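First up is the structure itself, then whatever we jot down about it.
The values are calculated or read from the model by the stated rules, or taken from the named source; none is laboratory data. What you are looking at is a predicted structure, and each value in this text was computed from that prediction instead of being measured. Don't worry about glycine lacking a Cβ; one is built from the backbone with ideal geometry, like all the others, and counts go over all protein chains shown. For accessibility, only protein heavy atoms count, side chains too; no ligands or nucleic acids. Shrake-Rupley method; radii C 1.70, N 1.55, O 1.52, S 1.80 Å.
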Amino acid sequence: KGGYVRNIIIYGKDTNDGTMFSDLKEYLNIKRYQEVPTFSFDTLYLENKWKIFSVFKVAPAKEKNFLKNSFFDDEDFSSYLELLKSVSLIDTEIDVTGNDQIVTLVAQSEDMNYVVSARMVRDGESPLVDVTGSAVNDDAFSYSSTLPTIAANNSGGLTELTSDEVMANESALFSIGT
């Protein structure tokens, strides 16, 4: 855990030529996720496998609503994980808890950022992923009128919004599109 810094965010340029992070946007296609649902991210001291649990795109001006790396407490981190899962364009069926370390890869372009979030493979857990249950998340940007929605607020915390508030402020929260 290392305090409350539990999300390592790595930015790269979307060069559109296969270098740097330009291939991240391929994860918007479920077939790409099903082919490669994990990746390795190693440091000088550790070799780790990571399981992708969220894939989405966001306008650069809105990314601060979805990219956090420090959290007030376990509840704040758990709420953030719920947010990432709710905006994911793919239901990966990868569980993620408040005890997990996550990494977020961001491919930056002028008009859209492509985001892939993954959690570290847990001690004793297989790095293999069963992708047969993964599916396109048709509810990624639609909200039930009875369920509250969690959204980032300007002070860096999370705020619970009703579906009416979400619909009224939708453009302020994220960019919708395919």
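Check off (1) in contact (Cβ under 8 Å) with a residue 40 or more places away in the chain; (2) in contact with a Lys or Arg (Cβ under 7 Å, 6 or more places away or on another chain) for Asn48 and give me the number that stays unchecked.
Asn48 satisfies all of (1) in contact (Cβ under 8 Å) with a residue 40 or more places away in the chain; (2) in contact with a Lys or Arg (Cβ under 7 Å, 6 or more places away or on another chain) except (2).
Among the residues of the stretch 23-75, which ones are modelled with pLDDT under 90 and of a type in the set (A, V, I, L, M)?
Once the filter is applied, which keeps residues that are modelled with pLDDT under 90 and of a type in the set (A, V, I, L, M), the stretch 23-75 yields Leu24, Leu28, Leu44, Leu46, Val58, Ala59, Ala61, Leu67.
Quick check: is even one residue across the stretch 39-50 closer than 16 Å to Ile10 by Cα and crowded, with 21+ Cβ neighbours inside 10 Å?
Yes, the conditions are met somewhere in the stretch 39-50.
Can you name the residue in the stretch 83-137 that is acidic (Asp, Glu) and out of contact with any strand residue (DSSP E or B) (no Cβ under 6 Å at 6 or more places or on another chain) and is also most open to solvent (accessible area, probe 1.4 Å) among such residues?
Glu110
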